[in-house]
Amino acid sequence: MTDPRSSLRELTDQDVVLRARDGQEAAYRELIRRYERPVFSLIYRMVRDRETAEDLAQETFIKVLNAIASYRPEFKFSSWVFKIANNTAIDHLRRRELDTLSLEGSPHASTPDAIEATTLQVSDGSETPLDEVEARELGAEIEVAINQLRPEYRSCILLRHVEGRPYEEIAEMLDLPLGTVKTYIHRARHELREALGHLRD
Amino acid sequence: MSSPHLMHLTPDDLDALLLGTEQERVHVHLETCAECRALVVADRNVVVALESLPSLAPRAGFADRVMAGVTRPVAVPRRLPALARAAALGLVFLGGLAASISWSLANEPMLMAWREGGLKWAEGWLQLGLSGLWAELSRQSWYATVLDAFGSPTRLTVALAGMLLIYGAGLVALRRLTALPSSGTASHAA
């Protein structure tokens with residue numbers, strides 16, 4: 001007899017969603033299986049704390065699955081999931097006011113005073129030894145460099161170059177103009193080049 | 001004005017190089033500009049490092065923890081689309097009709113016999129019922145009085161006119177009772 005989970009694996013996201021709407025638990029679990037790693041990876045790299053990332057990833061999936069009836073199939077399911085994951089992570093960062101904002105200040109700041117006011121320290125140096133070991137295991141240099149980016153840049157660069165999403169889809173996910181997304185990604189790559197510049201030497 | 005191939009690469013040029021959609025002038029420029037060659041190498045290194053980042057997994061039992069917070073809709077059997085349901089009903093109706101006609105044509109004598117028998121049976125019961133009702137009415141104490149009241153054409157006419165008047169008055173009263181209040185009345189009341 002065929003295992004229903006293995007047959008679900010062959011279906012498209014849209015078909016699995018239709019089964020989830022019918023209340024099939026196996027379909028819910030299949031959607032979690034497909035997206036738990038990319039969602040957790042994205043959120044972890046946004047918040048840099050495993051426990052928090054687990055909680056936020058869990059919150060993301062609960063939001064997604066409880067709203068599955070309102071999902072509109074004309075949009076990509078993955079875009080919807082990443083949009084909710086990113087919003088959840090950004091909301092958390094705003095609440096916590098983490099100390100990982102960019103050296104360059106807010107991209108919306110237009111005057112020197114505003115730029116100075118929004119320019120924060122890169123890090124308060126409070127990473128524990130455990131965090132440092134974990135960072136090394138995860139690819140140390142680039143992970144640390146990503147952590148020093150503004151959250152908006154981080155979302156864009158991770159979605160573009162880690163998840164491989166096109167600019168247009170990122171713009172849709174983050175509710176940003178296409179030009180803004182391109183600017184964020186270019187600035188993020190510029191900051192990462194600067195941060196990793198010593199590796200060339 | 002400087003020639004296009006002398007201008008340093010833009011972020012869009014770097015994007016195009018990553019996608020392999022760069023213009024010829026980019027290659028011409030890179031041949032002569034060490035600064036931009038270094039920029040391209042650094043940019044590629046960053047992108048390769050990003051693309052090779054490992055995919056991270058949450059702790060075991062993640063799906064169970066998520067499912068504990070999810071409210072699943074109650075499974076309902078799938079209904080046929082409205083058009084399919086209408087077509088199915090139509091087919092059943094037409095099939096039944098066709099079966100009924102063909103059976104009737106094949107068993108016409110039997111149907112005629114049933115018809116005759118049914119009519120006789122209904123006629124007998126109707127006669128019995130009416131005669132029983134008449135006998136029962138004529139045995140009532142008020143029967144003679146009522147018969148006497150309608151005994152002459154004049155009395156019958158008066159009685160009928162009275163009944164018509166009562167019926168008309170009833171209709172007028174009912175119409176007034178069921179009429180919606182007019183706006184004038186409502187605003188006046190307000």
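The values are calculated or read from the model by the stated rules, or taken from the named source; none is laboratory data. What you are looking at is a predicted structure, and each value in this text was computed from that prediction instead of being measured. Cβ: placed from backbone, ideal geometry, glycine included. Neighbour counts: every protein chain shown. For the accessible areas, the whole protein counts, side chains as well, though only heavy atoms, and no ligand, DNA or RNA atoms are used. Shrake-Rupley method; radii C 1.70, N 1.55, O 1.52, S 1.80 Å.
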- [ ] Ignoring ligands, DNA and RNA and using a 1.4 Å probe, state the total buried accessible area between A and B in Å², rounded to the nearest 100.
- [x] 3500
Task: Residues along the range A:52-71 losing 40 Å² or more of accessible surface when the other protein chains are present rather than the chain by itself (probe 1.4 Å) - done: A:GLU54, A:GLN58, A:ILE62, A:ASN66
Task: Residue-wise HN-Hα coupling along the range A:83-93, computed from phi with Karplus coefficients 6.51, -1.76, 1.60 (Hz; x: Gly, Pro) - done: 4, 5, 4, 5, 4, 5, 5, 5, 4, 5, 5
Open item on the list: Using the Kirkwood radius over C-alpha pairs as Rh, can you work out the diffusion coefficient of the range B:81-190 via Stokes-Einstein at 25 °C, viscosity 0.890 mPa s, in µm² per second?
Closed with: 112
Open item on the list: How much accessible area per residue does the range B:39-138 have, counting only protein heavy atoms and a probe of 1.4 Å, in square angstrom?
Closed with: 75
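Which net charge results for the neighbourhood of B:LEU50, defined as the other residues with beta-carbon distances under 12 angstrom from its beta-carbon, given Lys and Arg at +1 and Asp and Glu at -1? Spell out each step's value before the answer.
On the way: positive: A:ARG45, A:ARG154, A:ARG160, A:ARG189, A:ARG193, B:ARG44; negative: A:GLU141, A:GLU143, A:GLU163, B:ASP43, B:GLU51.
Around B:LEU50, the surrounding residues sum to +1.
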Open item on the list: At 1.4 Å probe size, with the rest of the protein present, what percent of the exposed accessible area of the range A:1-95 is carbon and sulfur atoms?
Closed with: 49
Open item on the list: Which lysines, if any, have their Cα less than 30 Å from the Cα of A:LYS63, not counting same-chain residues under 8 positions apart?
Closed with: A:LYS76, A:LYS83, A:LYS182
- [ ] Could you grab the relative contact order for the range A:156-201? Cα pairs under 8 Å, six or more apart, rounded to a whole percent.
- [x] 36
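In Å, the Kirkwood hydrodynamic radius of chain B over pairs of distinct alpha carbons? Before the final figure, lay out each step's value.
Details: mean 1/r = 0.0318 Å⁻¹.
Here the Kirkwood hydrodynamic radius works out to 31.5 Å.
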Open item on the list: How big is the dipole moment of the range B:36-180 about its Cα centre under a simple scheme where the beta carbon of each Lys and Arg is +1, that of each Asp and Glu is -1, and everything else is neutral? Debye, nearest 20, please.
Closed with: 760
